[in-house]
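Heads up: the structure comes next, in structure tokens.
Nothing in this text is a laboratory measurement; each read-out follows from the coordinates by a stated rule. Since the model is a prediction, treat every value here as computed from it, not as a measurement. Reconstructed Cβ throughout: ideal geometry from the backbone, glycine too, with neighbour counts over all protein chains shown.
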Amino acid sequence: MLRLAIINGPNLNLLGTREVDIYGAECFESFLEKLKARFPQVILDYFQSNVEGELINKLQSCRKEMEGVIINAAGYSHTSIALGDAIAAISVPVIEVHISNVLAREDYRKTSFIASKCIGSISGLGLEGYALAVQYFLQKH
Ligand code: DQA
């Protein structure tokens, strides 16, 4: 079975109540249940943290355990060289996901320190972006 990790960064634990006009009214846990039902042939591991170092530890732990990583590093995407370094340091392919279209928002969201270390990025397609990333890994498998 294909093993994929979904890693969500800061404030994504508040999905469903946080800026619903931008991020929608669904919490990630309920979306994740539907995602698992849609992809029964995939083992989906989920991790969320508001702490940069914990996200780095999780990425490093994916080295031996996962065949792909889907990461929404949230605000750290625009600030964290260390997260970009962690992605570069592991041989596991990583896809960057953003729920909102970061290129259509404030200028400071237009820079990502992780994008160039990932195999690709999905932005602006809502939670469906995570499903598209799973679909990509599955088709490559
Ligand atoms: C986000 C976009 C980021 O700019 C923001 O800091 C987030 C969420 C998104 O999924 O659209 O927290 O990553």
Next on the checklist: Taking R0 as 22 Å, what FRET efficiency do you get between Ile81 and Tyr46 from their Cβ-Cβ distance, rounded to the nearest 0.05?
Outcome noted: 0.30
Item to check | Gain on full stretching of the segment that runs from Glu106 to Ala88 - 0.36 nm per residue minus C-alpha separation | outcome: 3.8 nm
Checklist entry - Projected onto the charge dipole of the chain (+1 at Lys/Arg Cβ, -1 at Asp/Glu Cβ, origin at the Cα centre), which of Tyr76, Ala86, Val51 gives the Cα projection farthest towards the positive end? => result Ala86
Item to check | For a label point 7 Å along the Cα-to-beta-carbon line of Leu132, residues of the stretch 69-91 with backbone N under 20 Å | outcome: 69-75, 77-78
Item to check | the chain: most fluctuating residue of Ile22, Ile87, Ile99 per GNM, C-alpha cutoff 10 Å | outcome: Ile22
Checklist outcome for this item: Computed about the Cα centre, the charge dipole of the stretch 6-108 from +1 Lys/Arg and -1 Asp/Glu charges at the Cβ has a magnitude in debye, to the nearest 20, of 300 debye
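Add -39500 (n - 2.57) for each DSSP H run of 4 or more in the chain, then divide by its residues: what number comes out at 222 nm, to the nearest 500 deg cm²/dmol?
Dividing the helical sum by the residues of the chain leaves -10500 deg cm²/dmol.
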Checklist entry - Cα to Cα, under 26 Å, and not fewer than 8 places away if on the same chain: which lysines meet these conditions relative to Lys36? => result Lys58, Lys64, Lys140
Checklist outcome for this item: Under 5 Å from the placed amide H of Ile99, counting only residues 5+ away or on other chains, we find Gly124
Checklist entry - How large is ³J(HN,Hα) for each residue in the stretch 98-109, as worked out from phi by the Karplus curve 6.51 cos²θ - 1.76 cosθ + 1.60 (θ = phi - 60°), to whole Hz, x for Gly and Pro? => result 10, 5, 8, 7, 5, 6, 9, 10, 4, 4, 5, 8
Item to check | Distance in nm between pseudo-label sites at Glu33 and His141 (7 Å out along the Cβ direction from Cα) | outcome: 2.3 nm
Item to check | Listed residues Tyr130, Tyr76, Tyr108, most fluctuating in the chain (Gaussian network, C-alpha, under 10 Å) | outcome: Tyr108
Next on the checklist: Tell me whether the stretch 19-83 comes out rounded, prolate or oblate; compute the Cα gyration tensor, take square roots of the eigenvalues as a ≥ b ≥ c, and use a/c under 1.5 as the rounded threshold.
Outcome noted: oblate
Item to check | For the stretch 62-79, 3J(HN,Hα) per residue [Karplus equation, 6.51 cos²θ - 1.76 cosθ + 1.60, θ = phi - 60°, Hz, x = Gly/Pro] | outcome: 6, 3, 9, 9, 10, 9, x, 10, 10, 10, 10, 7, 6, x, 5, 4, 8, 10
Item to check | Rg to Rh, two decimals, where the chain supplies the alpha carbon set and Rh follows Kirkwood | outcome: 0.93
